[in-house]
Every structure is written in C-alpha cells, then in structure tokens.
Amino acid sequence: MQGEEGGVMRYIISMPCMRTTLMLMMVGGLTSWVVTFLLTSNPRRAFIMLCNSPVVLGSLFFAFCSYETAGDQADVAEFQSALDGIRKKHTLHEDKPPQSSDDTEK
C-alpha cells in the first residue's frame with residue numbers, strides 16, 4: 001500500500017465520509033480551543049479542549065455519516081434490483097423484434 005501513488009493518505013481519503021470527518025476534526029478542535037481560551041482565559045482548560053474535542057466531534061460525525069451512507073447505498077441497491085427486474089421482464093417479452101408500421105402495410 002505504501003508503494004502506490006499517494007500511499008496511505010489517498011486510501012484514507014477515498015473512504016466515504018473520512019475526508020469530511022478529518023476536516024471537521026481539525027476545524028472543530030481549533031475552534032473549541034480558541035473559544036475556550038477566549039471565554040475562560042485558562043490555557044490548561046483550552047489545551048484539554050484542543051485535545052478532546054476532535055475525538056468527540058470526529059466520532060459522532062463519522063458514525064452519523066456512515067449511517068447515512070449505508071442507508072443511501074441500501075436505497076441504491078434496492079432501486080438497482082428493481083431496474084434489473086424490469087430489464088429482465090422486457091428482455092423476456094422481446095424474443096422477436098417489434099414490427100414496424102412499414103411491415104404491416106405490405
């Protein structure tokens with residue numbers, strides 16, 4: 001996996017929801033750090049928020065996004081099977097080509 005173009009990072013980012021989750025973790029961690037420091041003026045508490053908030057935000061968002069993605073994939077699979085059934089039904093009834101209006105006039 002390391003020898004491929006882009007390596008592990010390309011693999012991680014290609015996973016559904018992972019890129020958005022990583023970005024949310026970075027932005028959320030920095031935002032919580034700044035807001036906590038501005039509200040409390042306590043650098044220790046702000047550092048604790050900087051370390052803990054990305055874990056909490058990332059876990060919650062990744063769980064939600066994975067749930068939504070799985071639901072969407074299930075809907076797509078159901079729709080695809082319905083389309084396959086319709087295609088199969090039409091191919092069974094099309095054993096002979098349909099007659100055009102020119103053929104019936106002769």
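The values are calculated or read from the model by the stated rules, or taken from the named source; none is laboratory data. Because the structure is predicted, anything quoted here is derived from the model rather than measured. Neighbour counts run over all protein chains shown; Cβ positions are idealised from the backbone, glycine included. Quick note on the areas: whole protein, heavy atoms, side chains included, nothing else; ligands and nucleic acids left out. Shrake-Rupley method; radii C 1.70, N 1.55, O 1.52, S 1.80 Å.
Observations
- Pairs where the first residue, in the stretch 18-40, is on the phi < 0 side of the Ramachandran plot and the second is open to solvent by 60 Å² or more (accessible area, probe 1.4 Å) and among the β-branched types (V, I, T), C-beta under 8 Å, 6+ apart: R19/I13; L22/I13; M25/V55
- In the stretch 35-65, residue farthest from the chain's Cα centre (by Cα) [restricted to those that are exposed (fewer than 14 other Cβ atoms within 10 Å of the Cβ) and small (G, A, S)]: S41
- Subset of the stretch 3-34 that is within 22 Å of the chain's Cα centre (by Cα) and charged (D, E, K, R) - its residue that is modelled with the lowest pLDDT: R10
- Filter result for the condition that a residue is at pLDDT below 60 and assigned to a helix (DSSP H, G or I), over D75, D103, D95, D84: D103
- Exactly one residue among C65, C51 is touching a Cys at 6+ places or on another chain (Cβ under 8 Å) and assigned to a helix (DSSP H, G or I), and that residue is C65.
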